[in-house]
1. What tally of residues in region 35-54 results from selecting those that are over 21 Å from Gly193 (Cβ atoms) and of a type outside the set (D, E, K, R)?
2. Name the residue that is modelled with the highest pLDDT, counting only residues in region 97-117 that are among the hydroxyl-bearing types (Ser, Thr, Tyr) and farther than 14 Å from Leu139 by Cα.
3. So which pairs qualify, if the first residue must be in region 140-158 and more than 20 Å from Ile188 (Cβ to Cβ), the second must be in a helix (DSSP H, G or I) and not small (Gly, Ala, Ser), the Cβ gap must be under 8 Å, and the two must be at least 6 apart or on different chains?
4. Consider region 59-73. How many of its residues are outside any strand (DSSP E or B) and either in contact with a Ser or Thr (Cβ under 7 Å, 6 or more places away or on another chain) or more than 20 Å from Asp170 (Cα to Cα) (or both)?
5. Of everything in region 220-240, what is out of contact with any helix residue (DSSP H, G or I) (no Cβ under 9 Å at 6 or more places or on another chain), open to solvent by 40 Å² or more (accessible area, probe 1.4 Å) and part of a helix (DSSP H, G or I)? Give them in sequence order.
6. Being loosely packed, with under 15 Cβ neighbours inside 10 Å, of a type in the set (S, T, N, Q) and either touching a residue at least 24 places away in the same chain (Cβ under 8 Å) or touching a helix residue (DSSP H, G or I) at 6+ places or on another chain (Cβ under 6 Å) (or both): is that true of Ser46 here?
7. Going by the conditions given, is Leu40 in a strand (DSSP E or B), within 21 Å of Ser97 (Cβ to Cβ), under 14 Å from the mean Cα position of the chain (by Cα) and not aromatic (Phe, Trp, Tyr)?
Amino acid sequence: MNTALDIKALQVRFGGLLTSEVTAVHSADLQLHFGEVLGLIGESGSGKTSLVRAALGLGPRSGGSVSLLGQDPAALRGAPLRRLRTQAQMLFQDPDSMLNPGLTVHQHLLESARLHQPQRDPEHLIGKILRQVGLEQRLHALPSQLSGGEKRRAGIARVLLAEPRVLIADEPTAGLDAALRAEMVGLILAERGPERAHLLVSHDLPLVAYACDRVAVMLEGRIVERLPASALRQAEHPYTRQLLRHAGMLG
């Protein structure tokens, strides 16, 4: 199975009854393959987060089909869903949403290790992942004692502990300076390989062009263009070219 995630005609609608219905995603098709990093780009409000949350079964889906590692998350319950959640992880845009304010870094990672790798020595796993993300000296810190970058590292560490086959990162570098953006993406893609698939959701076009193999462009809930990241500057859709100009990537 070369395709890690196969989304067909996905629709996401919100509202109804007392409020007007809003369609966040219009019949979107998207495929993510093993061994690749796919970038999903578009401005805020374009439907990127609604799409990936629906694909993972974390948000509503009004129509269409999803095959994630050969299964539909919306059709699973109990242990099968928990196993899929281990294999397909999402790194959320807000690092605070991934951290319990009452738990230290060590307690967060211990919880994740026991959940996702119950047969393995948790302290060995924690030591390895702390070195990987550079948080060895912050083992006993609470989230309130961490910087924004350190919170993101802790969130990445929790996700990487699961050793997921599919990793979706939603705006993982928002608000960071250029050096930290490159560093965060390097951590996220550290386990890149033929058995893994990565989906990077971002409006940071230079970063996507650098880190991704392919790019899908989303506008008003629709995917309007797909192209290799190396050909991003040769994009044909007016919206993609507008994004490139705003990012200073077109003359």
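The values are calculated or read from the model by the stated rules, or taken from the named source; none is laboratory data. This one's a predicted model, so the numbers in the text were calculated from it and none came from an experiment. Every residue, glycine as well, gets a Cβ built from its backbone with ideal geometry; the counts of neighbours run over all protein chains shown. Ligands, DNA and RNA are excluded from the accessible area calculation, which covers all protein heavy atoms including side chains. Shrake-Rupley method; radii C 1.70, N 1.55, O 1.52, S 1.80 Å.
1. Of the residues in that region, 11 qualify.
2. Checked region 97-117; the qualifying residue modelled with the highest pLDDT is Ser112.
3. Note: pairs meeting the criteria are His140/Val105; His140/His106; Ala141/Val105; Ala141/Glu150; Gln145/Arg138.
4. Count: 4.
5. Residues satisfying the conditions are Gln234, Pro238.
6. The answer is no for Ser46.
7. Judged against the criteria, Leu40 is a match.
Yes/no matrix, rows are residues, columns are (1) surrounded by 14 or more Cβ atoms within 10 Å (Cβ to Cβ); (2) of a type outside the set (A, V, I, L, M, F, W, C):
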site	(1), (2)
Pro73	yes, yes
Pro80	no, yes
Leu84	yes, no
Gln87	yes, yes
Gln93	yes, yes
His106	yes, yes
Glu111	yes, yes
Leu115	yes, no
